[in-house]
Amino acid sequence: MTATFQTRDAETLLRRYDEVRSHTESLARPLSPEDQTVQSMPDVSPTKWHRAHVTWFFETFLLAEQEDGFAPFQDQYWFLFNSYYEAVGPRYSRPDRGLISRPGAHEVGDYRRNVDDRVRELLSSLDDGTLEKLSATVELGFHHEQQHQELLLMDIKHVLSVNPLRPVYAGTPAPHSAPDPMGWVDVEGGLVELGHEGEGFAFDNELPRHHQWLEPFRLADRLVTNGEWLEFMADGGYRRPELWLSDGWGKVQTEGWRAPFYWTEVDGVWLEHTLNGTWPVNPGLPVTHLSHYEADAFATWAHRRLPTEAEWEHAVVSSGLGAPDAVTGNLADTTTFHAQAAGPATGGLRQVYGDCWEWTASAYLPYPGFHPPAGAIGEYNGKFMSNQMVLRGGCALTPNGHARPTYRNFFPPGARWPMTGLRLADGGAPAPTPKPAVTTRA
Ligand SMILES: [Fe+2]
């Protein structure tokens with residue numbers, strides 16, 4: 001669970017509950033029951049499964065614990081919609097979620113309404129002391145559902161991409177643009193403090209706050225673009241083993257990688273599948289849907305490197321972008337449902353929040369002194385701290401209110417279906433060559 005949270009009164013919690021829950025349904029609205037049932041690969045879950053699972057979360061961790069005379073809405077739903085909580089009991093096979101033709105999308109709606117009614121009744125009836133004790137669980141449920149809102153969109157993007165008709169989810173494409181020069185922001189380093197502080201919500205993996213030593217470094221002021229990625233490809237980026245980590249080069253060969261995940265070449269033109277349609281690659285937009293291996297290979301080609309998560313967080317906070325009112329950017333993009341161009345240079349960091357989750361060079365590990373909480377909820381984050389890399393910043397599909405400077409997302413290094421991108425780093429150690437491979441100012 002969370003180690004810090006905002007204590008809420010019932011009215012605030014109920015209003016927030018309705019906002020979060022209704023937003024999930026608004027994201028599913030453009031999708032037919034058939035769309036909502038497909039699982040196009042093991043990592044992707046059907047839309048209706050997301051809708052049911054986040055409901056199961058409130059049913060399991062709130063209603064089952066607190067409701068008088070609790071009984072599950074359906075006995076089998078506990079089995080079908082448990083994601084990975086061993087302590088809660090057995091669960092259905094993740095790669096087979098697309099076989100769950102029943103309950104249908106409409107029955108999942110019935111499940112959601114039933115749990116919503118019961119949660120509202122529970123929250124309205126609790127005394128202040130009990131409410132204060134439960135507010136951390138309720139707030140965790142909000143942030144959990146927001147995580148699944150982002151996953152719902154990433155997952156349906158893949159589902160629609162394998163449909164030969166290439167259906168559009170929603171939105172319109174951004175106008176054609178060209179990359180502007182990449183600038184750099186110098187950061188002093190030294191003994192810095194990292195991790196969440198204050199009263200706002202944080203996941204357990206953002207704690208405890210701790211010190212770390214950083215050598216001086218600099219970060220690119222924007223994300224790497226499609227135009228720069230085309231240069232990497234034209235220079236043999238996917239054909240040169242010397243650019244790649246060994247595991248990554250293995251993937252290039254066994255999976256036939258020759259471009260980002262959603263790019264296809266038709267008559268010599270590279271097209272990109274997005275939620276707003278399939279279009280010629282727009283050079284000024286951030287490159288996205290890359291594995292960590294691809295991001296690392298690009299950085300090597302550019303004679304740079306990926307930032308560590310500590311460098312990313314310290315650079316953001318020390319630039320004045322750590323305060324809650326500074327967490328703005330291309331988040332919850334309902335115009336293009338995609339990463340957008342960086343816009344004019346500011347002299348500081350651009351595209352910190354939103355657009356694409358930024359791969360870092362950091363393995364996903366516990367912070368010094370981290371201990372997951374006891375019980376099933378302790379399985380939320382801690383047990384995944386192996387074989388995953390940290391990403392920072394959020395993406396265009398991240399809900400508003402869900403990004404923050406200390407947020408640690410994580411995926412296996414070979415994952416390409418999430419909306420991932422990269423920002424270059426430099427310094428901290430002598431560069432192998434002074435020759436820049438991307439056009440830069442400064
Ligand atoms: Fe979940």
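The values are calculated or read from the model by the stated rules, or taken from the named source; none is laboratory data. Given the structure is predicted, the values throughout are model-derived calculations rather than measurements. Don't worry about glycine lacking a Cβ; one is built from the backbone with ideal geometry, like all the others, and counts go over all protein chains shown. Accessible surface is based on the protein model in full, side chains and every heavy atom, while ligands, DNA and RNA are left aside. Shrake-Rupley method; radii C 1.70, N 1.55, O 1.52, S 1.80 Å.
Give just the number: which of (1) in contact with a Lys or Arg (Cβ under 8 Å, 6 or more places away or on another chain); (2) at positive phi; (3) among the small types (Gly, Ala, Ser) does Ala342 not satisfy?
Result: Ala342 passes all but (2).
Looking at Ala361, is it open to solvent by 40 Å² or more (accessible area, probe 1.4 Å), in contact (Cβ under 8 Å) with a residue 60 or more places away in the chain and over 18 Å from Gly329 (Cα atoms)?
yes
Test Glu139 against the criterion of being more than 14 Å from the ligand (Cβ to nearest atom), in contact (Cβ under 8 Å) with a residue 40 or more places away in the chain and under 25 Å from the mean Cα position of the chain (by Cα), and give yes or no.
Here the answer is yes, as Glu139 does meet what is asked.
On the basis of being open to solvent by 20 Å² or more (accessible area, probe 1.4 Å), within 16 Å of the ligand (Cβ to nearest atom) and touching a Phe, Trp or Tyr at 6+ places or on another chain (Cβ under 9 Å), does Arg94 make the cut?
So Arg94 passes the test.
Pro90 passes all but one of (1) more than 26 Å from the chain's Cα centre (by Cα); (2) more than 27 Å from Leu131 (Cα to Cα); (3) at pLDDT 95 or above; which number fails?
(3)
Going by the structure shown, is Leu223 aliphatic (A, V, I, L, M), touching a residue at least 24 places away in the same chain (Cβ under 8 Å) and under 18 Å from Ala363 (Cα atoms)?
no
How many residues does the range 305-352 hold that are part of a helix (DSSP H, G or I), among the β-branched types (Val, Ile, Thr) and open to solvent by 50 Å² or more (accessible area, probe 1.4 Å)?
1
Within the range 224-240, is even one residue assigned to a strand (DSSP E or B) and surrounded by 13 or more Cβ atoms within 10 Å (Cβ to Cβ)?
There is at least one residue in the range 224-240 that is assigned to a strand (DSSP E or B) and surrounded by 13 or more Cβ atoms within 10 Å (Cβ to Cβ).
Name the residues in the range 147-173 that are of a type in the set (A, V, I, L, M, F, W, C), in a helix (DSSP H, G or I) and either away from the ligand (no atom under 16 Å from the Cβ) or open to solvent by 20 Å² or more (accessible area, probe 1.4 Å) (or both), would you?
The answer is Leu151, Ile156, Val159, Leu160.
What's the number of the condition Asp127 fails, among (1) modelled with pLDDT under 95; (2) away from the ligand (no atom under 16 Å from the Cβ); (3) buried (at least 16 other Cβ atoms within 10 Å of the Cβ)?
Failing condition for Asp127: (3).
Criterion first (away from the ligand (no atom under 16 Å from the Cβ), part of a helix (DSSP H, G or I) and in contact with a Phe, Trp or Tyr (Cβ under 9 Å, 6 or more places away or on another chain)) does Lys133 satisfy it?
no
For the range 44-61, state whether one or more residues are surrounded by 15 or more Cβ atoms within 10 Å (Cβ to Cβ), away from the ligand (no atom under 14 Å from the Cβ) and farther than 21 Å from Ser161 by Cα.
no
Go through (1) open to solvent by 30 Å² or more (accessible area, probe 1.4 Å); (2) assigned to a helix (DSSP H, G or I); (3) touching an Asp or Glu at 6+ places or on another chain (Cβ under 9 Å); (4) not charged (D, E, K, R) for Tyr293 and report which single condition fails.
(1)
For the range 16-38, give me the residue count where each residue is touching a Leu at 6+ places or on another chain (Cβ under 8 Å) and open to solvent by less than 40 Å² (accessible area, probe 1.4 Å).
So the count comes out to 4.
Conditions first: (1) aliphatic (A, V, I, L, M); (2) within 16 Å of the ligand (Cβ to nearest atom); (3) open to solvent by less than 40 Å² (accessible area, probe 1.4 Å). Ala87 passes all but one, so which condition is the exception?
(3)
Testing Trp78 on (1) more than 29 Å from Leu160 (Cβ to Cβ); (2) in contact (Cβ under 8 Å) with a residue 24 or more places away in the chain; (3) out of contact with any helix residue (DSSP H, G or I) (no Cβ under 6 Å at 6 or more places or on another chain); (4) within 15 Å of the ligand (Cβ to nearest atom), one condition comes back false. Which one is that?
Only one criterion is unmet by Trp78, namely (2).
Restricting attention to the range 241-263, and to residues there that are touching an Asp or Glu at 6+ places or on another chain (Cβ under 8 Å) and not in a loop (DSSP other than H, G, I, E, B), which single residue is farthest from Tyr293 (Cα to Cα)?
Only one residue fits best here, namely Trp263.
In the range 174-192, is there at least one residue being open to solvent by less than 20 Å² (accessible area, probe 1.4 Å), at pLDDT 95 or above, within 16 Å of the ligand (Cβ to nearest atom) and in contact with a Ser or Thr (Cβ under 7 Å, 6 or more places away or on another chain)?
no
Just one of Glu313, Glu309, Glu265 is among the acidic types (Asp, Glu) and free of Cβ contacts under 8 Å to residues at least 24 places away in the same chain; which is it?
The conditions single out Glu265.
Which of the residues that make up the range 92-129 are in a loop (DSSP other than H, G, I, E, B), free of Cβ contacts under 8 Å to residues at least 24 places away in the same chain and closer than 13 Å to Trp49 by Cα?
Within the range 92-129, Tyr92, Ser93, Arg102 qualify.
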